[in-house]
Amino acid sequence: MDNDLLTALVVGVPALAAAAGATLVLVRRRGGTPADAPTAGTTVLDEHATTALADASAVDAPTAPNPDQDLLEEPPGLEEAPLLEVPAPVAGRFARLRDRLARSGSPLGTRLLEVLSRDHLAQDDWDELEETLLLADVGAGPSAELIAALRTQVRVHGLREPGEVRSLLRAQLIALVDPSLDRTLATGRVAPVGQPTAAVGEPAVLPAHLPSVVLVVGVNGTGKTTTVGKLARMFVAEGRTVVLGAADTFRAAAADQLETWGARVGVPTVRSDRDGADPAAVAFDAVRTGKQTGADVVLVDTAGRLQNKAGLMDELGKITRVITREAPLSEVLLVLDATTGQNGLNQARVFAEVAGVTGIVLTKLDGTAKGGIVIAVQRELGVPVKLIGLGEGPDDLAPFDPEAFVDGLLQA
């Protein structure tokens, strides 16, 4: 018996010691402490139970999103709104255009300064000056006036220095361009007739306003529809709301072209759904839309056909009549291509008689010899040049500044 007890102690004690050591190692490997070991009443999961739990967890755990798949699918028909363009500020536009005119090397100003800077001016020199002015489309009357004024000043003051000659020529050209003309666009919102006015010393009455309506006319090919689009950008740059009316229903894709210009700056376009529709109806709808939406300005593009004077008069007359049922006309702008010279003047005369033009927009005035058209068209029509375009950029349209224009011609 003693031998059996001794044998049990010899075998059992080392076995118990080995089991305790294994438990301690297992606890340490699992990062626990002896307190984490199972106590009485705790069920220890065997290997099969642990594997089953792991499998269940794997089933219930959410799967990681696949980066190749979109987390959210866009609803059908939902498209991202296009980004609107921000037009360049109107202030400073003409200075930029003047610099471009000066860099282009205008032959008008260059040639005049060259002749006037000669030591002795003979009759042939004066004839050369007059020829230069005529080739630049200044016109016979204004050219003769300028030559007479220059001859008098040179004879009286004996000018020879280049700086003095330049100052003299600049002053005379500015006088011909006539800075006294009112070149502002009458596009302030219009108060309807019959609105109450405030008495002296009383707060101002705020009537319901009508939009300013600008009718744009001109022959196709002068850049008329493009000018309407650029005008819209100019008004948007000034913080005004605009509605476009595509009343040129006879030229293919004219309405599409105008709509594209408007969409780029968030301006709506009123148009017909078919070519050849009644232009007056489109113009009427555009003005009515401007009233209903509270727009500041409505720009109406028109057809530029000149088959005969009577047809043009009838068409523009009808457009004017239906527009004025909704709001008075604020401006009638005639778009002219500055490179067409005398032919452009002939077109201008017809439109001035038919449409009652209030201002001129000269396009493509890019430093060619046709710069004198500014003087000639004002003298011929008796209305001012209000806007000019120098280039193909969307913001290359600016209010006309007589002094800056002359400085550009003289490369000052």
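The values are calculated or read from the model by the stated rules, or taken from the named source; none is laboratory data. Owing to the predicted nature of the structure, the values given are computational and were not obtained by experimental measurement. Using ideal geometry, Cβ is built from the backbone for each residue, glycine included, and neighbour counts are taken over all protein chains shown. Quick note on the areas: whole protein, heavy atoms, side chains included, nothing else; ligands and nucleic acids left out. Shrake-Rupley method; radii C 1.70, N 1.55, O 1.52, S 1.80 Å.
Observations, loosely collected:
- Restricting the range 369-409 to residues that are modelled with pLDDT under 80 and surrounded by fewer than 18 Cβ atoms within 10 Å (Cβ to Cβ), the residue that is farthest from G223 (Cα to Cα): A369
- Every residue from the range 344-365 that is surrounded by 20 or more Cβ atoms within 10 Å (Cβ to Cβ), modelled with pLDDT under 85 and within 15 Å of F405 (Cβ to Cβ): L365
- Here A327 fulfils each of the conditions (1) among the hydrophobic types (A, V, I, L, M, F, W, C); (2) within 23 Å of P399 (Cβ to Cβ); (3) not in a helix (DSSP H, G or I) apart from (2).
- Reported count of residues in the range 140-181, each being surrounded by fewer than 17 Cβ atoms within 10 Å (Cβ to Cβ), touching a helix residue (DSSP H, G or I) at 6+ places or on another chain (Cβ under 6 Å) and small (G, A, S), is 1.
- Looking across the range 331-343 at every residue that is of a type outside the set (D, E, K, R) and either open to solvent by less than 30 Å² (accessible area, probe 1.4 Å) or assigned to a loop (DSSP other than H, G, I, E, B) (or both), the one that is farthest from P399 (Cα to Cα) is identified as G341.
Yes/no matrix, rows are residues, columns are (1) aromatic (F, W, Y); (2) open to solvent by 30 Å² or more (accessible area, probe 1.4 Å); (3) under 22 Å from L83 (Cα atoms):
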{"site": "R264", "(1), (2), (3)": "no, yes, yes"}
{"site": "D275", "(1), (2), (3)": "no, yes, no"}
{"site": "A280", "(1), (2), (3)": "no, no, no"}
{"site": "A283", "(1), (2), (3)": "no, no, no"}
{"site": "A286", "(1), (2), (3)": "no, no, no"}
{"site": "K291", "(1), (2), (3)": "no, yes, no"}
{"site": "A295", "(1), (2), (3)": "no, no, yes"}
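- Evaluating T225 against the criteria (1) surrounded by fewer than 23 Cβ atoms within 10 Å (Cβ to Cβ); (2) at pLDDT below 95 leaves one unmet condition, (1).
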